[in-house]
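Structure, as structure tokens:
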Amino acid sequence: MKKITLLTMLFIASLSLFAQENNYQEVLSKNELKINMSNLIGFKFFDVGYERILNEESAVGVNLLFNIDKKDANDNSGLDEYRTFSITPYYRHFFSNKYAQGFFVEVFTMLHSGEDYFSFEDKQSYTDFAVGISAGGKWVSKRGFVAEIYLGIGRDMLGNSDIEVVGRGGVSIGYRFQ
């Protein structure tokens, strides 16, 4: 009877060690590289991001966005295509039992530049600074594949453009690594 009890206890202890090892691996992966596929497909924006996991419920990151579509004023649809460049640092807080994934809320700032089109011949370049908030969800596979969806809104603070509100959002895919 003592042998069976001892074997059972060793088996349970080994299972808990394996569980801790998997959790340990998850904790070691603290970096993510991502590309926003919806911006690339929908707007021809190259939007790439880096995120650093701080702990199980928070992370900081930055996105760089470049407009790779060369349109003139007649083609401008007004759906955020005015933006030519932005850098967007953010802080995220996760509300999940999983390590740095699940539902999140983020605060962000955005330094962005672009062109306001008043007519075909009259365009004006600008640079502005926005502050905003976003919400979304993130999923991470066991091998580190990351998928996230988020949506947010911010307010321009400097008033250098006719645009008063900026959008932030998309569907991103990427990889989490050590």
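Of the set (1) at pLDDT 90 or above; (2) of a type in the set (D, E, K, R); (3) in a loop (DSSP other than H, G, I, E, B), all apply to E81 but (1). Just one of (1) touching a strand residue (DSSP E or B) at 6+ places or on another chain (Cβ under 6 Å); (2) modelled with pLDDT of 95 or more fails for L54. It is (1).
Check whether at least one residue in segment 153-163 is more than 13 Å from the chain's Cα centre (by Cα), surrounded by 20 or more Cβ atoms within 10 Å (Cβ to Cβ) and aliphatic (A, V, I, L, M), and report yes or no. No, every residue in segment 153-163 fails to be more than 13 Å from the chain's Cα centre (by Cα), surrounded by 20 or more Cβ atoms within 10 Å (Cβ to Cβ) and aliphatic (A, V, I, L, M).
Identify all residues within segment 129-143 that are more than 14 Å from T88 (Cα to Cα) and assigned to a strand (DSSP E or B); write none if there are none. Of everything in segment 129-143, those that are more than 14 Å from T88 (Cα to Cα) and assigned to a strand (DSSP E or B) turn out to be A135, G136, G137, K138, W139, V140. Among the residues of segment 92-128, those that are aromatic (F, W, Y), over 24 Å from Y82 (Cα atoms) and part of a strand (DSSP E or B) comprise F94, F103, F104. Listed conditions (1) surrounded by 12 or more Cβ atoms within 10 Å (Cβ to Cβ); (2) touching a helix residue (DSSP H, G or I) at 6+ places or on another chain (Cβ under 6 Å) are all met by I149, apart from (2). Count of segment 144-178 residues, restricted to those that are among the hydroxyl-bearing types (S, T, Y), part of a strand (DSSP E or B) and either modelled with pLDDT under 95 or more than 15 Å from K34 (Cα to Cα) (or both), is 0.
Of all residues in segment 86-105, those that are under 28 Å from K44 (Cβ atoms) have Cβ atoms under 6 Å from Cβ atoms of residues that are assigned to a strand (DSSP E or B) and aliphatic (A, V, I, L, M), 6 or more apart or on another chain, in S86/L65; S86/M110; I87/L64; I87/L111; T88/M110; P89/V62; R92/A59.
Can you report the number of residues in segment 119-128 which are surrounded by 15 or more Cβ atoms within 10 Å (Cβ to Cβ) and in contact with a Ser or Thr (Cβ under 9 Å, 6 or more places away or on another chain)?
Applying the first criterion (surrounded by 15 or more Cβ atoms within 10 Å (Cβ to Cβ)) to segment 119-128 yields 123, 126, 128.
Add one more test, that the residue is in contact with a Ser or Thr (Cβ under 9 Å, 6 or more places away or on another chain), and what stays is 126, 128.
Result for segment 119-128: 2.
A count restricted to segment 83-110 and to residues that are over 13 Å from the mean Cα position of the chain (by Cα) and loosely packed, with under 14 Cβ neighbours inside 10 Å stands at 3.
Kindly evaluate V105 against the criterion of being modelled with pLDDT of 95 or more, under 17 Å from I35 (Cα atoms) and not charged (D, E, K, R). So V105 does not fit the description; no.
Need at least 2 residues that are within 15 Å of the chain's Cα centre (by Cα) and without any contact (Cβ under 8 Å) to a residue 40 or more places away in the chain per element, so show me which strands (runs of 3 or more DSSP E) inside segment 26-70 make the cut, counting only ones lying wholly within it.
Output list reads 45-55, 58-67.
Of the residues that make up segment 164-173, is at least one surrounded by fewer than 20 Cβ atoms within 10 Å (Cβ to Cβ), under 19 Å from the mean Cα position of the chain (by Cα) and of a type in the set (G, A, S)? Within segment 164-173, one or more residues are surrounded by fewer than 20 Cβ atoms within 10 Å (Cβ to Cβ), under 19 Å from the mean Cα position of the chain (by Cα) and of a type in the set (G, A, S).
The values are calculated or read from the model by the stated rules, or taken from the named source; none is laboratory data. Note that the coordinates shown come from a computational prediction; the quantities given were computed from them, not determined experimentally. Every residue, glycine among them, receives a Cβ derived from its backbone with ideal geometry; neighbour counts consider all protein chains shown.
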